[in-house]
2 protein chains.
Amino acid sequence: MNADRPVRFLVLADGHFGPMSSKTANACIRYSPERVVGVWDAAHAGRTAEDVLGFGGGIPVVATLEEGLALGPTAVLVGIAPAGGQLPQPWRDTLAAAARRGLDVWSGLHYFLSDDPLIADAAAEGGATIHDLRRPPADLGVSAGRVRGVDATVILTVGSDCNIGKMTTQLQLRDAMRARGQRVAFAATGQTGILVEGWGIGVDAVVADFIGGAAERLTLEGAEKGDIVLVEGQGSIIHPSYSGVTYGLLHGSLPHAMVLCHQPSRTAIAKQEWVPIPPLADLVRLHEQVAAPLRPAPVIAIALNTFDLSDEDARAAIAAAERETGLPATDPVRYDPAPLIDAITAFHEGRRATATA
Amino acid sequence: MNADRPVRFLVLADGHFGPMSSKTANACIRYSPERVVGVWDAAHAGRTAEDVLGFGGGIPVVATLEEGLALGPTAVLVGIAPAGGQLPQPWRDTLAAAARRGLDVWSGLHYFLSDDPLIADAAAEGGATIHDLRRPPADLGVSAGRVRGVDATVILTVGSDCNIGKMTTQLQLRDAMRARGQRVAFAATGQTGILVEGWGIGVDAVVADFIGGAAERLTLEGAEKGDIVLVEGQGSIIHPSYSGVTYGLLHGSLPHAMVLCHQPSRTAIAKQEWVPIPPLADLVRLHEQVAAPLRPAPVIAIALNTFDLSDEDARAAIAAAERETGLPATDPVRYDPAPLIDAITAFHEGRRATATA
């Protein structure tokens, strides 16, 4: 995963490039823009990543694979993650064409490209390597509370929905805390986080019985790398499709504390509008209730995703979240993440003081 | 799975045959004893299933594979499910030997026997078929609340721990309710339930993202087969290893009501004693709280597993559970399951009355 030669990605997002629709592409552009030579999406051809996303600088968006190849990529990255993980036939053809021309293929889909004869044969022909970021380790077992012995402080992001900022919050915290000189590890649990950080396990792709085991292994590994482990959350405890992964991750990683992520403009689960999102204070309480039987863990801060609000509305939403929950809140992408970092640091130092008292 | 020719199992449980240690073997013996010709466990050789389990009549326990083969089985059944699902080498050798002699092999392990070259080659040589009960359907997707549209009443068993009676309770209810003339379906979610009922999906063996999707499919299929769907629960919402599966099953099947299963003598999660089991009333409340954001569902009855208590102590435990929770309770194996059936039937009729009002 840690490529020895520099990787230059052409990101495939045709028909899907946008702030809320191409999560893998966007995280790669935000956290490692130097590795992206271009994005393929005919709908936005001629614009830049910055034009479309609001970040990413002058990375060009192109209309065709040929135009993209002219930018000199060493690899193509599947920049979208459709629900269910199936791969449309035109994408299979495109990926096979790229692999046949020697470009490595990186994918975070459930559908493993290296198991697809069309793409695998093309890669063999072109001398290309296929990186299936979601392929789990072969030797996972069940979780058994092994993380209870680690000294590191484990912080898990949880959320009111999917695709709401659980990974982004941790990456913003990682960068800002490292800039402060803190020894933090980011434990990636999804294909995009793995792509950005270079290690991790896609917990949603393991055998269901082993979700907790994957979370436990990640947390133990993170505890060797940092004094504070920022575990990337997944899904939501109220999500009708993904709650199993969310709970397995919670009970396998056994966080000492949680940061709750929410998008103020969202009032129901995306694409599952029959599930309203409860008030923030209720969500805080529910998270603490379901964690408590294994290891009591408070929610210590709120991370808001206000990308679709005016500055004034964003600041009002942050103030409202603080008022409703009694916890520090901010949008760690749009504003200084200091309120979240201060909450985590104070919690960590409180734990250490208790441990040595 | 619905064998056309009658199956006669030799159950392999060497070293593990016992009331609490050979769940698959025991369920097969309890619910389809006519299909079991013998059990292999050298430690209990010369005794009967009834001697060891307290049920199963004269099914003999034998000391060696050869003795077992002399009983005329058509298949061997792996009667145990070790944590993590790995298969010890002596078992591989035994299964290969049986398959080479033409006996079909049935297994509910995570480790798929048909992917094991040693056993697969032996089966090919002997003309035997391998049934991996846990192999999931290839076309699962994520759950999306599709069960909300069904008329059938969905009842899920939940539990304070694993291996505590969630499947057994549903099977006892299935039989007793069918005897009353009620049209009920049993939706099997684990290898043993599938073995007994002939259909189902082992939800703990699917890709983690698809736990809910598997639960949803099962519930929809159950709703075609019965007016009341008895969904087999898995794990526990407080189990450090398996809670992800439990929640995925809960939020995928979206039960209308739950039956909480508990063993009064158990005060902590088995093999994870650092997790105490909360008081029953707290467990009832926690289940209702985590179900509520998707579809409010009450716990309507308590099923106790009192196999290790005297009759007097069992009756006292049942009375205590009723007092603590305000709900009807019984041990549906040891005593008449009527209190549970009455609670489910009244709930079902209440739903129907509301729907037609």
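Where a number appears in this text, it was derived from the coordinates with a stated rule and is not lab data. Keep in mind that what you see is a predicted model, and the values were worked out from it rather than measured. Please note: Cβ atoms are built from the backbone with ideal geometry, for glycine as well, and neighbour counts cover all protein chains shown.
Structure above, values below:
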quantity	calculated
Other-copy label distances relative to B:Ala43, 7 angstrom Cα-Cβ extension, nm	6.1
For A:Val299, residues with placed amide H under 5 Å, excluding near neighbours	A:Met258
Fraction of antiparallel bridges per DSSP, the protein assembly as shown only, in percent to nearest 5	10
Relative compactness, chain B, computed as alpha-carbon Rg over 2.2 N^0.38 Å	0.98
Shielding by partners, peptide B:170-181 (average Cβ within 10 angstrom, other chains)	0
Debye, to nearest 20: dipole size of the protein assembly as shown, +1 on Lys, Arg Cβ, -1 on Asp, Glu Cβ	440
Whole-Hz ³J(HN,Hα) from phi, Karplus 6.51 cos²θ - 1.76 cosθ + 1.60, for the stretch A:266-271, glycine and proline x	8, 10, 9, 4, 4, 6
For A:Arg315, A:Arg148, order by how many other beta-carbon atoms lie within 10 Å, fewest first	A:Arg148, A:Arg315
Calculated from backbone phi, Karplus (6.51, -1.76, 1.60) coupling profile of the stretch A:138-151 in Hz, x at Gly/Pro	7, 10, 5, x, 8, 7, 8, x, 5, 6, 5, x, 7, 7
Relative contact order (%) - criterion: Cα under 8 Å, at least six apart; region: the stretch A:186-311	22
Amide hydrogen neighbours beyond the local backbone of B:Gly235, cut-off 5 Å, H modeled	B:Asn163
Residue order, fewest to most beta carbons within 10 Å, for B:Thr168, B:Thr356	B:Thr356, B:Thr168
Dipole-positive endmost among B:His256, B:Val333, B:Ala301 within the stretch B:208-357 (Cβ charges, Cα centre)	B:His256
Chain B - percent relative contact order, Cα under 8 Å, separation 6 or more	13
Size-normalised alpha-carbon gyration radius of the protein assembly as shown, reference 2.2 N^0.38 Å	1.00
Euclidean distance between Cα centres, the stretch A:242-308 to the stretch A:70-130, Å	34
Label-point separation in nm, A:Ala292 to A:Leu118, each point 7 Å along Cα→Cβ	5.3
Sorted largest first, extent of the stretch A:226-326 alpha carbons per principal axis (Å)	39, 33, 24
Cα-based Kirkwood hydrodynamic radius, the stretch A:9-132, one decimal, Å	14.1
Calculated label separations, A:Asp336, copies of the chain, 7 Å along the beta-carbon direction, nm	7.3
Kirkwood-based shape ratio for the stretch A:167-237, expressed as Rg/Rh from alpha carbons	0.97
Proxy reagent accessibility, fewest Cβ within 10 Å first, across B:Trp91, B:Trp274, B:Trp106	B:Trp274, B:Trp91, B:Trp106
Residues whose placed amide H lies under 5 Å from that of B:Phe186, excluding near-sequence neighbours	B:Leu230
Dipole-positive endmost among A:Ala122, A:Gly72, A:Ser107 within the stretch A:68-143 (Cβ charges, Cα centre)	A:Gly72
From phi via Karplus (6.51, -1.76, 1.60), per-residue ³J(HN,Hα) for the stretch A:49-66 in Hz, x at Gly/Pro	4, 4, 4, 7, 9, x, 7, x, x, x, 4, x, 9, 10, 8, 9, 4, 4
Descending semi-axes in whole angstrom, ellipsoid equivalent of the stretch A:95-194, from the Cα gyration tensor	34, 18, 13
